[in-house]
Amino acid sequence: MAVIKRAVAVAVLLSGASALPRQTKPYVKRQDLPPADERAQGVVDTFRTAWEGYYQYAFPNDELKPVTNGFSNSRNQWGASAVDALSTALVMQQKDIVNQIIDYIPTIDYYETPSEVSLFETTIRYLAGMISGYDFLSGPLADLADNKTNVDALLEQSKNLANALSYAFDTPSGVPYNNLDFSTRSNDGSNNGLATVGTLVLEWVRLADLTGNTTYGELAEKGESYLLNPKPASSEPWPGLVGSSIDPKTGEFTDASGGWTGGTDSFYEYLIKMYVYDPTRYSTYLDRWVLAVDSSIAHLASHPTPRPDITWLAIYNGQNITKISQHLACFDGGNFILGGQVMGKQEYIDFGLELVNGCHETYIQTATRIGPETFGWDDASVPTNQSAFFNKTGFYIRDGGYQLRPEVIESYYYAYRATGDEKYQEWAWDAFTAINATTRVGSGYSSISNVNVAGGGGFTDFQESFWFAEVLKYSYLIHAPEAEWQVGKDGKNAWVFNTEAHPFKVFGGDES
Ligand SMILES: *[C@@H]1O[C@H](CO)[C@@H](O)[C@H](O)[C@H]1NC(C)=O
Ligand SMILES: *[C@@H]1O[C@H](CO)[C@@H](O)[C@H](O)[C@H]1NC(C)=O
Ligand SMILES: *[C@@H]1O[C@H](CO)[C@@H](O)[C@H](O)[C@H]1NC(C)=O
Ligand SMILES: *[C@@H]1O[C@H](CO)[C@@H](O)[C@H](O)[C@H]1NC(C)=O
Ligand SMILES: *[C@@H]1O[C@H](CO)[C@@H](O)[C@H](O)[C@H]1NC(C)=O
Ligand SMILES: *[C@@H]1O[C@H](CO)[C@@H](O)[C@H](O)[C@H]1NC(C)=O
């Protein structure tokens with residue numbers, strides 16, 4: 001998922017891509033790895049612990065503060081953790097929790113909130129969580145709902161929420177404003193971002209297809225159209241790779257900086273996912289994804305000097321690249337693999353696996369075996385006290401926090417589904433057990449401040465809603481039995497995951 005952070009704008013000219021080396025280290029299966037069913041159950045146990053802490057001390061507020069047994073409302077006080085947890089409780093078939101959540105959702109008043117509303121965050125968490133719940137409970141997991149009225153309410157509440165949000169698109173260009181004040185039906189007037197505009201279309205189109213109200217899809221597609229045909233030309237430094245800021249008054253980009261990091265990331269993610277959702281309607285999205293991926297391989301792929309075996313994607317400003325990346329960007333490997341599988345292009349799968357390996361390195365080299373929020377690999381910018389670390393690992397840590405993010409495990413999941421190689425299950429189990437051991441505190445799990453000191457350097461006393469939606473879902477699915485909602489092994493997908501890991505049924509043509 002993409003939590004929006006301002007794109008890091010750095011104007012330093014650095015060298016670009018070089019040829020990819022091959023992985024040579026042989027993989028040796030670990031003897032102490034528990035069987036898959038025990039691994040899956042271990043993740044379910046953690047999910048239940050986190051849910052019970054939240055339900056006891058925070059529900060129906062947005063998040064649990066596990067250290068102090070308090071709560072917070074960073075997402076409009078509509079119960080973010082509950083709505084975000086629904087599709088994970090469903091795939092884990094935790095019937096009691098599913099019914100606690102769907103009993104609650106009909107009581108939410110989406111027209112009222114004490115705080116500013118983010119169109120993007122509200123779409124990917126609340127709208128997507130309810131749509132996914134509806135797809136499961138009106139489909140293959142219908143038996144888990146005790147009350148059928150609550151299932152219909154998921155779609156009704158999705159319509160209510162989208163109707164409350166839809167004035168955001170009422171701008172001169174049709175590019176929405178992101179930051180909304182519901183009490184005055186106004187916005188903050190600021191430019192919108194690439195990810196915040198470009199990560200709506202899957203949710204709003206799915207809602208249109210389920211309800212028959214085509215307006216939802218048309219609104220999101222209109223905003224997206226400016227991203228698919230970027231203006232001015234200077235905002236597209238290489239084919240398919242675009243800037244990060246868009247003016248809703250004109251629909252034009254105001255810069256040429258970006259990458260696969262926070263603030264721009266999930267725009268690229270959704271180009272291929274729209275094609276997976278409906279290849280008939282969204283073939284031009286595929287074309288744009290291919291351009292972006294080819295340009296990324298040609299111009300952003302970068303190998304640290306001390307570790308030429310590792311590949312990460314750099315960020316750019318115009319055609320200048322900067323050797324910085326983030327935990328958030330680590331969804332990239334999984335996204336390349338998904339597209340490679342869907343298109344039958346082994347080259348994209350192989351490159352995606354290189355990126356997965358690069359993110360794995362950021363995990364296994366730290367004291368906690370969890371990767372940092374932001375890292376760099378520019379020879380000229382290595383902090384003196386990280387020189388030895390850099391020489392060994394190929395990166396230095398710029399921000400050592402870990403905010404219960406999923407992207408590294410998410411990419412292990414796609415790598416495992418595509419290759420069937422148990423190595424990726426082992427990597428996911430390693431990451432999960434490290435996270436479970438380091439972030440467990442009080443009544444739940446908390447973000448930590450420093451992955452490179454034993455114990456994590458202190459708790460921030462905050463349990464993110466995407467801990468439920470994403471980390472625990474991908475950590476579970478990689479060890480879980482075959483099911484129609486698992487990512488396809490062969491490029492054929494019956495479901496597609498939104499950027500918050502909420503699975504939607506792909507378009508069938510008979511939904512409403
Ligand atoms: C997760 O952490 C809890 C508490 O420390 C522990 O009891 C449990 O065994 C851990 N689970 C796994 C799978 O490591
Ligand atoms: C089923 O859910 C609806 C809507 O939440 C509620 O009004 C109704 O009382 C519930 N029925 C039962 C039997 O719990
Ligand atoms: C369809 O959705 C739009 C956008 O939210 C809304 O204004 C309109 O009332 C909806 N139409 C119907 C028939 O519900
Ligand atoms: C790129 O780097 C060159 C050389 O340092 C500089 O002149 C130019 O302004 C930079 N471009 C951007 C968009 O930062
Ligand atoms: C390295 O030095 C910086 C700046 O003095 C300091 O903030 C940081 O804690 C040091 N890091 C380590 C790993 O010692
Ligand atoms: C790291 O490698 C560089 C380049 O080889 C060298 O100058 C530097 O002294 C090394 N740092 C440490 C701490 O060994």
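Where a number appears in this text, it was derived from the coordinates with a stated rule and is not lab data. Predicted model, so just to flag it, every value in this text is computed and none were measured. Cβ placement follows ideal geometry from the backbone for every residue including glycine, while neighbour counts extend to all protein chains displayed.
Please determine whether any residue of region 437-459 is among the basic types (Lys, Arg) and more than 26 Å from residue 361 (Cβ to Cβ).
Of the residues in region 437-459, the ones among the basic types (Lys, Arg) are 440.
Filter again for more than 26 Å from residue 361 (Cβ to Cβ), leaving none.
No - not one qualifying residue is present in region 437-459.
Just checking, how many residues over region 136-182 are among the charged types (D, E, K, R) and within 15 Å of ligand 3 (Cβ to nearest atom)? Steps first, answer last, please.
The initial filter retains those residues of region 136-182 that are among the charged types (D, E, K, R), namely 143, 146, 148, 152, 156, 159, 170, 181.
Add one more test, that the residue is within 15 Å of ligand 3 (Cβ to nearest atom), and what stays is 156, 159, 170.
So the count comes out to 3.
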Pairs under 7 Å by beta carbon, first residue within 15 Å of residue 450 (Cα to Cα) in region 384-396, partner away from ligand 3 (no atom under 16 Å from the Cβ) and β-branched (Val, Ile, Thr), six or more apart or different chains?
-> 386/397; 396/382
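Identify, please: which residue in region 105-131 is part of a loop (DSSP other than H, G, I, E, B) and free of Cβ contacts under 8 Å to residues at least 60 places away in the same chain and is, among those, nearest to residue 181 (Cα to Cα)? It would help to see each step written out before you state the result.
As a first pass, look at region 105-131 and keep what is part of a loop (DSSP other than H, G, I, E, B): 108-116.
After this cut, where a residue has to be free of Cβ contacts under 8 Å to residues at least 60 places away in the same chain as well, the list is 108-110, 114-115.
Working: 108: 18, 109: 15, 110: 13, 114: 9, 115: 7 Å.
Applying the filter and picking the extreme gives 115.
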Which number in (1) over 19 Å from residue 328 (Cβ atoms); (2) of a type in the set (S, T, N, Q); (3) assigned to a helix (DSSP H, G or I) marks the one condition that residue 486 misses?
-> (3)
Pairs with Cβ under 9 Å, 6+ apart, first in region 284-299 and surrounded by 16 or more Cβ atoms within 10 Å (Cβ to Cβ), second of a type in the set (S, T, N, Q) | 289/335; 293/335; 299/319
Examine region 367-389 for a residue that is assigned to a loop (DSSP other than H, G, I, E, B), away from ligand 1 (no atom under 16 Å from the Cβ), surrounded by fewer than 23 Cβ atoms within 10 Å (Cβ to Cβ) and among the β-branched types (Val, Ile, Thr), and state whether such a residue exists.
-> yes
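Examine region 160-170 for a residue that is in contact (Cβ under 8 Å) with a residue 60 or more places away in the chain and closer than 18 Å to residue 225 by Cα, and state whether such a residue exists.
Taking region 160-170 as the starting set, the residues that turn out to be in contact (Cβ under 8 Å) with a residue 60 or more places away in the chain are none.
No, the conditions are met nowhere in region 160-170.
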Meets criteria (closer than 22 Å to residue 179 by Cβ, touching a helix residue (DSSP H, G or I) at 6+ places or on another chain (Cβ under 7 Å) and either among the small types (Gly, Ala, Ser) or free of Cβ contacts under 8 Å to residues at least 12 places away in the same chain (or both)) for residue 245 = no
